[in-house]
Amino acid sequence: MNVAVSQLNPTVGDIQSNKEKIIEHINRATGKGADLIVFGEMALSGTPTYDIVNMTDFVDRCYSALSDIAEAAANIDVLVGMPTVSGDDTFNSVAYIREGKVVDFFSKAMPFSRDELPYYAGIDSPSFFDENESQTDELPEHIITVDGYKMLIMIGDDLQFINSLQCFDTPRTKPDFIMHLAARPYSHGALEEDIELLSSVAKENEVPLVSVNLVGGNTDIVYYGSSVIFNKQGQMIKRLKNFEEDFDITDLSSENIRRHKSINLPVQSASSKVRHTYKAIALGVKDYFGKSGFTSACLGLSGGIDSAVVAAIAVDVLGANNVRVLMMPSQFSSGHSVTDAMKLAENLGIKCEKVEIEPIYNSFMKGLEPIFQGLPFSLAEENLQARIRGTLMMAISNKFGNLLLNTSNKSEIAMGYGTLYGDTNGALSILGDVYKTEVYALAEYINHKGEVIPRSIIEKEPSAELREGQKDSDSLPVYDILDGILYRLIEEGMSLMEVAAEGYDMEVVSKVSKLLKASEHKRYQLAPALRVSKCTLGKDRVIPIVSRY
């Protein structure tokens, strides 16, 4: 029995384009003699749909497209993910097509409490989809038969409840295969952890498993692909590409599966984490621009590590001709910042323009002199520089139609070290879910084939250069310590006492925690950040602005 796996990159809401891709792959699979083709979760509509799924004609258009897909599938069985409606309820479902007709729908059960929801469950949480009420204490058992083989259909994270299914109780009812339609987004370690989970499901149930994932970026979420096939021993025998569309046909007959050599399960390492993070960010940027219809970007180049990494990624994805950078030195900018930025631009092959902001700054200060007279230099004057730069970058964006890329990293965002309406400006935050220490790791990865980011940028002490001699370490712990504390407070949800017990100074932990809490109001106003962790600020960690936690 030949099963085709179609790992697609759908666009949310572009049902026509998604339909055409699906039909193209159906024709391809039919031409190669496949008996069944399997697409990912919500492949027809794209995901996350959020509230689009509740618009009156959206699901109707999905049904209409499904009819066209069925007509193209006269000689092959099809499993494709899509939203469905029954009465007042909307479900995350899989359509089953046979002999050119839609013969059944299977809906995701989602029997979760809030505490049980997977880290990525916000993409189809109960606020957007309804629970499948056809199940009681157990998941519904979705079984189809293709070419004499019984197949259990599982959708997304329903898979973790597979051991409760009665169809595994006897050899007579046991399925021959598990077909798993997924939309698994990238986060640190996700590829390795998800594949290990899928392997254990196949092994523990002694049933071969096919898991088809989506790929591609949609707003801030990036789906990583890596669709896989396991034999009943839990050995991986086929794995599709990471971070790009792919297609494969495999003979799943017992004899052929036994002949397949097993592939080693991926092992998470520091190098693989950086490589996968870079690929996820690059794909997220590519699809954010491509799916929104923009082709060019702009950003402010400071001579620091963050803007250097953002510029390098933008050039890699969009091309040097589609990235515009602007240097905006002030009287506090060091000479090496200017020369470092110019060297980076030269290495990237992009034009670097410059606007001195000191005259603009002085004119602002002159206008404010009647109000500020006699008061000491403070954050107001520092932030004025950042807001001038933000205004200039938005002018560039508006004049030339470039999307402004934000360059703030997760450490700065957590600590509130970003000026509202200044360096927090931007349509997309590339590094907003990347800690400062991870930014340095990305810079080294970018340079792994040759120096793109000058060593002087990587090795210099971090500074916002908003006052004479300023360094980040003047008011923050060094980033190795800061990021260790932040990770424990944010990703692991530790208390201050628990963090201190890990070897951190309690006074420093308390200071970091206070800054984290005090800057929540800023995070409500930030650009969407490409999600690469399991706890993205403003998405997975949403705190009331006014609270006493």
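The numbers here are math on the coordinates, done by the rules we state, and not lab data. Note that this is a predicted model, so its numbers are computed, not measured. As a convention, Cβ positions derive from the backbone with ideal geometry for all residues, glycine included, and neighbour counts pool all protein chains shown.
Separation of the stretch 28-63 and the stretch 421-453, taken as the distance between their Cα centroids, equals 34 angstrom. Partners of K366 within straight-line reach, counting lysines whose Cα lies under 26 Å from its Cα and excluding those fewer than 8 residues away in the same chain: K354.
About its Cα centre, the chain has a charge dipole of approximately 1260 debye under the convention of +1 per Lys or Arg Cβ and -1 per Asp or Glu Cβ, with nothing else charged. Matching the structure-derived P(r) over Cα pairs in 10 Å bins from 0, in percent against the labelled list (1) 3, 16, 25, 26, 18, 9, 2, 0, 0; (2) 3, 17, 25, 23, 17, 10, 4, 1, 0; (3) 3, 16, 28, 30, 17, 5, 1, 0 gives the label (2). If the segment from R455 to S253 were pulled out straight at 0.36 nm per residue, it would be longer than the present Cα-Cα gap by 67.2 nm. Can you figure out the FRET efficiency of D89 with E444, using R₀ = 56 Å and their beta-carbon distance, to the nearest 0.05? The value I calculate is 0.65.
Here the Karplus curve 6.51 cos²θ - 1.76 cosθ + 1.60, taken at θ = phi - 60°, turns the phi angles of the stretch 350-355 into couplings of 10, 6, 10, 9, 9, 10 Hz, with x standing for Gly and Pro. Considering only alpha-carbon pairs that sit under 8 angstrom and 6 or more positions apart, the relative contact order computed for the chain is 11 percent. Ignoring lysines fewer than eight residues from K436 along the same chain, the ones with Cα atoms less than 17 angstrom from its Cα are K273, K410, K460, K471, K534. Take the Cα of S17, step 7 Å toward its Cβ, do the same at D505, and the gap between the two points is 5.2 nm.
The distance linking the stretch 502-549 with the stretch 137-192 is 37 Å (Cα centroid to Cα centroid, whole angstrom).
In this structure, the amide hydrogen of N218, modeled 1.01 Å from its nitrogen in the peptide plane, lies closer than 5 angstrom to those of Y223, counting only residues at least 5 positions away or on a different chain. Computed per residue of the chain from DSSP H runs no shorter than four, each worth -39500 (n - 2.57), the mean residue ellipticity at 222 nm is -11000 deg cm²/dmol.
Rounded to the nearest 20, the size of the Cβ-charge dipole of the stretch 361-431 about its Cα centre is 220 debye, with Lys and Arg at +1 and Asp and Glu at -1. Close amide-amide hydrogen proximity is noted between I76 and E99, G100, each under 5 Å apart and 5 or more residues distant or on a separate chain (H modeled in the peptide plane; Pro and chain starts excluded).
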